[in-house]
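Input: a single structure, listed below in structure tokens.
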Amino acid sequence: MSFTVINTFTLLDPAGAAEFEARFLAHVEWMRAQPGFSAHQAVRSSDRPEVYVNLGWWERPEDFQKVLASATFQEHAEEFHTIVSVEADPSMGVVRFDGVAGEPGDVLFVDFFAVEGDQDAFVAAYRAHAQAAAALDGFVTADLAKSLFARPGGFTALTRWRTAEAALAATGLPEYAALAALAEVRTVPAAPVAGDRAELAQAGA
């Protein structure tokens, strides 16, 4: 599974969305050219439009560390900090599911899980839920990543759907009830901003 960098950006001024998105897209174009970069998916919270979440997938942690130490990255980071606050959560992918190939959906959810008990049991429960959800008409993809140190017991999931109705149906599955019993969850409905998680398959990640 891929090394996954999860960043949550919060606008310091809600009126700065256009400036942030322009700078972010320029930054991503530079990142795409760096060795080890696989794909990314940036989303904007539907409930709190001042909040953005980006998941970046890398072949190895070492690849990202080299980029992080570069002068260009540090320059970009300094610019970002003038318009957003940033919460970084380096993670490792543990579950990935793809639905039947077809038109990509624009209904996305980011789930932040906090697990106090058996993390292996939680991962197994998420895998069972994702497998059941993948059988639903309207499912596109699901990814689960485990926080390496920023959030002890923390996991982040990104799911993509063709319809909100399909996403709602997934929460009614018995596998979801079993999953929810093992962790506290904060769900962020979101809209896509940039990137395509499907590039992971093209990269063989």
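The values are calculated or read from the model by the stated rules, or taken from the named source; none is laboratory data. Because the structure is predicted, anything quoted here is derived from the model rather than measured. Glycine also receives a Cβ, built like all others from the backbone with ideal geometry; neighbour counts cover every protein chain displayed.
Scanning for something out of contact with any strand residue (DSSP E or B) (no Cβ under 7 Å at 6 or more places or on another chain), β-branched (Val, Ile, Thr) and in a loop (DSSP other than H, G, I, E, B), does the range 163-171 turn up at least one residue? Checked the range 163-171: at least one residue is out of contact with any strand residue (DSSP E or B) (no Cβ under 7 Å at 6 or more places or on another chain), β-branched (Val, Ile, Thr) and in a loop (DSSP other than H, G, I, E, B). Listed by position, the helices (runs of 4 or more DSSP H) enclosed by the range 49-158 that each have at least 2 residues that are in contact (Cβ under 8 Å) with a residue 40 or more places away in the chain and aromatic (Phe, Trp, Tyr) are 119-134.
Tell me, yes or no, whether the range 7-20 has at least one residue that is within 17 Å of GLN74 (Cα to Cα), assigned to a helix (DSSP H, G or I) and modelled with pLDDT of 95 or more. Yes, there is a match, as at least one residue in the range 7-20 is within 17 Å of GLN74 (Cα to Cα), assigned to a helix (DSSP H, G or I) and modelled with pLDDT of 95 or more. Checking each residue of the range 79-92 against the condition of being over 22 Å from THR8 (Cβ atoms) and acidic (Asp, Glu) gives no match.
Can you confirm whether the range 72-80 contains a residue that is buried (at least 20 other Cβ atoms within 10 Å of the Cβ) and either more than 30 Å from ARG127 (Cβ to Cβ) or modelled with pLDDT of 95 or more (or both)? Taking every residue of the range 72-80 in turn, none turns out to be buried (at least 20 other Cβ atoms within 10 Å of the Cβ) and either more than 30 Å from ARG127 (Cβ to Cβ) or modelled with pLDDT of 95 or more (or both).
Here LEU136 fulfils each of the conditions (1) closer than 19 Å to ALA190 by Cβ; (2) touching a helix residue (DSSP H, G or I) at 6+ places or on another chain (Cβ under 7 Å); (3) not basic (Lys, Arg) apart from (1). Within the range 82-93, is even one residue out of contact with any Ser or Thr (no Cβ under 9 Å at 6 or more places or on another chain), more than 30 Å from GLY138 (Cα to Cα) and either assigned by TED's automatic domain parsing to the domain that holds LEU148 or modelled with pLDDT of 95 or more (or both)? Looking through the range 82-93, at least one residue is out of contact with any Ser or Thr (no Cβ under 9 Å at 6 or more places or on another chain), more than 30 Å from GLY138 (Cα to Cα) and either assigned by TED's automatic domain parsing to the domain that holds LEU148 or modelled with pLDDT of 95 or more (or both).
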